[in-house]
Amino acid sequence: MTSASLAANDAQPLMVVGIGASAGGLAAFKTFFAHMTPDAGIAFVLIQHLDPKHHSLLVELLAPVTTMPVVQASDGMALLADHVFVIPPNATMTVKDGRLSVVLPAEPTERRRPIDIFFQSLAAEHGENAVCVVLSGTGSDGTRGLQAVKEHGGLTVAQAMFDHHAMQGMPSSASASGLVDHVLPAEEMGALLVSHQRHLASLAPHLGSDGVQRDVADEIATISALLRTRLGHDFGHYKEMTLIRRVQRRMQVRQIATVAAYIERLREEPEELAELFQDFLISVTEFMRDPEAFEALRTTVIEPLVAAKGADQQIRVWVAGCATGEEAYSLAILFNEALENSASRPRVQIFATDLDERAVQVARAGRYRGDLVGLSPQRIARWFTVEGDAQVPVKSVRDMCVFSTHSVIKDPPYSKLDLISCRNVLIYMDAELQDRVVRNFDFGLRPAGYLFLGSSESLARPSELFTPLDKKHRIFRC
C-alpha cells in the first residue's frame, strides 16, 4: 500500500468513492455534496459523461457546494482524503497505486464507458475500501463496473427517487443487476458513507495480514450449515477464502462487527440469509466474454460440429452457470452464423442453467438495456431487435436457448451433449468438488464431446478424462 492510498491518519486504508452520472448529473452531484460531511477522511472521484468538444464547468459549479477542494484530475495525481477529483472531458480515467491515470483522448463515443472503466479499476485497486455510486443518467454505463466493485468486496449504491425505487436510466440498470446494496436519494448517501467508513475503521485492528477476520474464518462452517439447512444449498466444498470474504462483505453492508452477532441475524432474518446466498453467487458476465476464446471456440468446435451433423440430427449444448444469459445467447449467435454458412442445418438446443433463480429470470426474459458490451455493431444489428427500452435477441437466437435453475453439484447432468460450456464456476470450488463436477461433465458428454472452461480455470487431471484441444483458450475434448 502506497502512502498516497492511505487516509489522513496513515492507519486506515483510504476509502475511495467513485460517483458516476450522465444527464441530470449536475443536480444530483450538488445534492450529494450539499449533504456530505467534508472531513470524513474519504476521497471522491467524479466520472460524468461530458461533451468531448467543450470545457467542463463541473469543478466551478461544485466548488461552492462543499468546503472540500474540488479539482480537475490530471495524470499521476495522488488520491487524497477529503478531496473531490473530477474527470476531464474526452478522457478515460483509472486508479493505480493510489494515483489517477488519465488518458486523452478517450475511445470513440459509441464505445465509451468511462464509468464502468473507472469502477472496474477502483474495484481491483481498493477492494473492500471501494464504494461506487450510480447517480442520474441515461443508458447503462456503471452497471458492469458496479458488479466488479461488489465482486471485490466493495459497497454499491444507486440513486433513488423519493419513494426509494431506483431512478430510470443508469440507476435502474444498476439496480436491475440485483447487485446494488443500497438504493437511496442523493441527500441520504452522505450519512451512509460516513457510517460505512467508520465501520471499516473499527474493523481494521481485527483483521489479519490477509484481510480476514479470524472470528469469521472460525465460524464459516456454521454459516454454511445454516445455508444448507434453511435453503438446501451446500457450500461446504467451495473455496473457504471466497466464502469468508463474501460473509465479511455482508457484515460490512449491514455494519455488524462480530460474526456471532451476524449468525444471530441470519437465524432471525430469513431475508438476510437469502441476501448472503445471493452474495455467494455473485458472477460477472457479458456477451462474448474473452473474445479470442469465443473465436477459437467458433473455429475449433462450433463450425466443425455443424458441418458434421445432418439436417435430421441435433447438437446439444449445456451452459452450466449461465448467470444472466449473455453467454448462452453468445453461443446461439455463433451457432446461427455457422448454420447460415452450412449446407446441412442440424437443430441446435442450448440448455442454460444456473443456481441463481434471479439470474435465470433475467436470462429467460432476454431484455438487455443499454450497450450490449462484447458484441460488434454488425452482430447487434443482425441478432437483436429493439423492444421499448431494451434490446432482445431475435427469435432464432431465443428459440435455441432453454433456461432453468439447476445445481451442477447436486442435480443430475444433462446427457448426450456435444458441448459443455462452464466458465468461471470451477474457480470457486475446492479440488474435490471440481473433480466431482468434471466427472459429471464427462458422463454427460457424447464420445469426443467438447468442454469449454474460463480463462482462469484448468483441469486437475485432464489426461484422465479430457485432452486439451486448445490449451490457451481452455477447450478440451473427451
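The values are calculated or read from the model by the stated rules, or taken from the named source; none is laboratory data. All values reported here derive from a predicted model rather than from experimental measurement. When we count neighbours, we look across all protein chains shown, and the Cβ atoms used for this are built from the backbone with ideal geometry, even at glycine. Side chains are part of the model used for accessible areas, which takes the heavy atoms of the whole protein and leaves out ligands, DNA and RNA. Shrake-Rupley method; radii C 1.70, N 1.55, O 1.52, S 1.80 Å.
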Margin query: Of the conditions (1) surrounded by fewer than 19 Cβ atoms within 10 Å (Cβ to Cβ); (2) within 30 Å of S330 (Cα to Cα); (3) modelled with pLDDT under 90, D290 satisfies every one except a single condition; which number is it?
Written below: (3)
Notebook entry, point to check: Does the range 442-450 contain any residue that is assigned to a helix (DSSP H, G or I), surrounded by fewer than 19 Cβ atoms within 10 Å (Cβ to Cβ), charged (D, E, K, R) and in contact (Cβ under 8 Å) with a residue 60 or more places away in the chain?
Noted result: no
Check: Given the conditions (1) on the phi < 0 side of the Ramachandran plot; (2) without any contact (Cβ under 8 Å) to a residue 60 or more places away in the chain, and given that G76 satisfies all but one, which numbered condition is not satisfied?
Finding: (1)
Notebook entry, point to check: How do the strands (runs of 3 or more DSSP E) wholly within the range 15-91 filter down when requiring 1 or more residues that are under 17 Å from Q159 (Cβ atoms) and within 28 Å of the chain's Cα centre (by Cα): which remain?
Noted result: 15-21, 42-48
Checklist line | Filter result for the condition that a residue is more than 23 Å from V284 (Cα to Cα) and open to solvent by less than 50 Å² (accessible area, probe 1.4 Å), over D430, D418 | finding: D418
Notebook entry, point to check: Any chance the range 458-473 includes a residue that's more than 24 Å from T285 (Cα to Cα) and in contact with a Leu (Cβ under 7 Å, 6 or more places away or on another chain)?
Noted result: yes
Item checked: Selection from the range 53-82 of residues that are open to solvent by 50 Å² or more (accessible area, probe 1.4 Å) and either hydroxyl-bearing (S, T, Y) or at pLDDT below 90 (or both) -> K53, H54, H55, L57, T67, S74
Margin query: Within the range 122-230, considering only strands (runs of 3 or more DSSP E) that don't extend past its boundaries, which have at least 1 residues that are closer than 19 Å to L79 by Cβ?
Written below: 130-134, 155-159
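For (1) open to solvent by 10 Å² or more (accessible area, probe 1.4 Å); (2) modelled with pLDDT under 95; (3) more than 21 Å from F162 (Cβ to Cβ); (4) polar (S, T, N, Q), each residue gets a yes or a no:
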{"position": "A4", "(1), (2), (3), (4)": "yes, yes, yes, no"}
{"position": "A8", "(1), (2), (3), (4)": "yes, yes, yes, no"}
{"position": "A11", "(1), (2), (3), (4)": "yes, yes, yes, no"}
{"position": "G18", "(1), (2), (3), (4)": "no, no, yes, no"}
{"position": "A21", "(1), (2), (3), (4)": "no, yes, no, no"}
{"position": "I42", "(1), (2), (3), (4)": "no, no, yes, no"}
Next item on the list: Look at T242 and say whether it is within 25 Å of the chain's Cα centre (by Cα) and open to solvent by 30 Å² or more (accessible area, probe 1.4 Å).
Entry: yes
Check: When the range 20-43 is examined, which residues are found to be under 21 Å from R144 (Cβ atoms) and out of contact with any Ser or Thr (no Cβ under 9 Å at 6 or more places or on another chain)?
Finding: G20
Next item on the list: Could you grab me the full set of residues in the range 189-234 that are of a type in the set (G, A, S), over 24 Å from D356 (Cα atoms) and out of contact with any Lys or Arg (no Cβ under 9 Å at 6 or more places or on another chain)?
Entry: G190, A191, S195, A201, S202, A204, S209, A217
Notebook entry, point to check: Got a sec? Which of A191, A166, A201 is modelled with pLDDT under 85 and open to solvent by 10 Å² or more (accessible area, probe 1.4 Å)?
Noted result: A166
Note to self: So in the range 99-153, with the set limited to residues that are free of Cβ contacts under 8 Å to residues at least 60 places away in the same chain and among the small types (G, A, S), which one is nearest to L179 (Cα to Cα)?
What the structure shows: A123
Next item on the list: Please name all residue pairs, on different chains or six or more residues apart, with Cβ atoms under 6 Å, provided the first residue is in the range 248-270 and is touching a residue at least 12 places away in the same chain (Cβ under 8 Å) and surrounded by fewer than 19 Cβ atoms within 10 Å (Cβ to Cβ) and the second residue is assigned to a helix (DSSP H, G or I) and of a type in the set (G, A, S).
Entry: none
Note to self: From the list A307, A323, exactly one residue is open to solvent by 30 Å² or more (accessible area, probe 1.4 Å) and aliphatic (A, V, I, L, M). Which is it?
What the structure shows: A307
